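The values are calculated or read from the model by the stated rules, or taken from the named source; none is laboratory data. Computed from a prediction, not measured in an experiment: that's the story for all the values here. Neighbour counts run over all protein chains shown; Cβ positions are idealised from the backbone, glycine included.
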Amino acid sequence: MADEHVGGGPIHLTLRMGPRLTRPVPQAVVEALLSIRITSTAGERSGFQMAFDLTKRGAIIERLLPEGFFDPRTRVIVSTAIRGTPAVLFDGLIVRQEVGTSNRPGQSTLTVTGEDLTVLMDLEERTDRFPNLTPGQRVRRILGRYVDYGIQPEVVPEQIAQPPRERLRVEYQTSTDLGYVNDLARANGYVFCLEPGPAPGVSTAYWGPQRRLGLRQHALNVNMDADSTVDQLTFSYDGAAREEPQARWQNMRSRESTLLPQPDISPLRPPLGRRPSPALKRRRLQGTAKKGFEQAQAEALARAATSADAVTGSGQLDVNRHGYVLRPRELVGVRGAGVTYDGDYYVTSVTHQLTPGSYQQNFTLSREGLIARSGTVRP
């Protein structure tokens, strides 16, 4: 999504629907649209909900609903154009529809709920084997099944190399494609998500570490009088969130069991806070003794990384007031919250709430420690 300033500027919404290839919806659907809610969260499936006015004898209730225009598995693409710069907010499938009928005029509504295109990967359980393929190669092979939907894979090689050894172990899949890809992501401290765009009908399936490097988004300002772009930000520091994983590995030849050293998580999670939260818990990982040495190391690294974020924040912003659309799964700076909580954060989730004349965003942030590592934040 482009980093285009939108404060006070026009925001145009485009809605496309169809069985697989989509096209702009009829004008009657646009006029009946009451609201759109889109939620995108790191490492989880994105979802949407749209509400329409069911005018008596209108095109939706008289023709489009009976014809199956809003049936489950219908593809939906939501895009915005901000000062002429297009951005795709969502690309997915309808999974549910609800009709609420009321005696009061204007109170009857159609609500459709859907999920992003990863729902296609969760419809069928498979049994498959992957001889001599690394975790990243397995993910790439699975994602190749969905190119017809414009899904392009972006697979980052695992942090700890895990060379396949077919003579010792052959990896099997006994779940859905989505379940297996997510299992591989968790085992390596990675996330798997679908990022819509840059053009309608195209998505990027990202399998890799959280993106905690690169250019920051424009800062969230709070308690800065006229320069404030967020009304309120709430932060919390959970001292019990971070864990120290205890992983044992057994040498198959000597049968000797050893405790693996604590991994350095900075390659997976570059630090955003100057004072990291200490690990108050110790958690014994189950099953690592029977796995390969590299796999056991990867699981210990993954557990240490995924439990590291002890500091979280949440808030709400008006896109026109903030001037920019906040994007999930990227970095953003915070100013005005004080020395302890100012600085860079990872945007864990964003919920877009669009209604005629309004564009609100609810968001959550996270990082592993307190106090900014740098004395400056991108404005």
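Table: residues versus (1) surrounded by fewer than 19 Cβ atoms within 10 Å (Cβ to Cβ); (2) of a type outside the set (Ser, Thr, Tyr); (3) over 26 Å from Pro379 (Cα atoms); (4) touching a His at 6+ places or on another chain (Cβ under 8 Å).
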| position | (1), (2), (3), (4) |
| --- | --- |
| Gln210 | no, yes, no, no |
| Gln250 | yes, yes, yes, no |
| Arg255 | yes, yes, yes, no |
| Thr288 | no, no, yes, no |
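Of the strands (runs of 3 or more DSSP E) entirely within the range 235-342, those holding at least 2 residues that are more than 19 Å from Ala372 (Cα to Cα) and touching a Phe, Trp or Tyr at 6+ places or on another chain (Cβ under 8 Å) occupy 257-259, 311-318. Taken over the range 36-79, the criterion of being among the polar types (S, T, N, Q), over 16 Å from Pro328 (Cα atoms) and at pLDDT 95 or above is satisfied by Gln49, Thr74. Restricted to the range 102-201, the set of strands (runs of 3 or more DSSP E) holding at least 1 residues that are within 25 Å of the chain's Cα centre (by Cα) and over 30 Å from Phe52 (Cα atoms) comprises 151-155, 171-173, 191-196. Of all residues assigned to the range 183-197, at least one qualifies as being free of Cβ contacts under 8 Å to residues at least 60 places away in the same chain, of a type outside the set (A, V, I, L, M, F, W, C) and not assigned by TED's automatic domain parsing to the domain that holds Pro24. Exactly one residue out of Pro276, Pro267 is under 30 Å from Ile142 (Cα atoms) and either among the charged types (D, E, K, R) or surrounded by 13 or more Cβ atoms within 10 Å (Cβ to Cβ) (or both): that is Pro267. Pairs linking a residue in the range 71-98 that is farther than 20 Å from Thr204 by Cα to a residue that is small (Gly, Ala, Ser) and surrounded by fewer than 17 Cβ atoms within 10 Å (Cβ to Cβ), with Cβ atoms under 6 Å and 6 or more positions apart or on different chains, are Arg83/Gly9.
When the range 196-242 is filtered for residues that are of a type in the set (D, E, K, R) and modelled with pLDDT under 95, the ones remaining, listed by number, are Arg211, Arg212, Arg216, Asp225, Asp227, Asp231, Arg242. Criterion first (farther than 21 Å from Val350 by Cβ, assigned to a strand (DSSP E or B) and not assigned by TED's automatic domain parsing to the domain that holds Thr364) does Val76 satisfy it? Taking the combined requirement at face value, the residue does not satisfy it. Among the conditions (1) surrounded by 22 or more Cβ atoms within 10 Å (Cβ to Cβ); (2) part of a helix (DSSP H, G or I); (3) aliphatic (A, V, I, L, M), Ala205 misses just one, which is (2). Counting only residues that are surrounded by fewer than 21 Cβ atoms within 10 Å (Cβ to Cβ) and at pLDDT 90 or above, the range 290-305 holds 0 of them.
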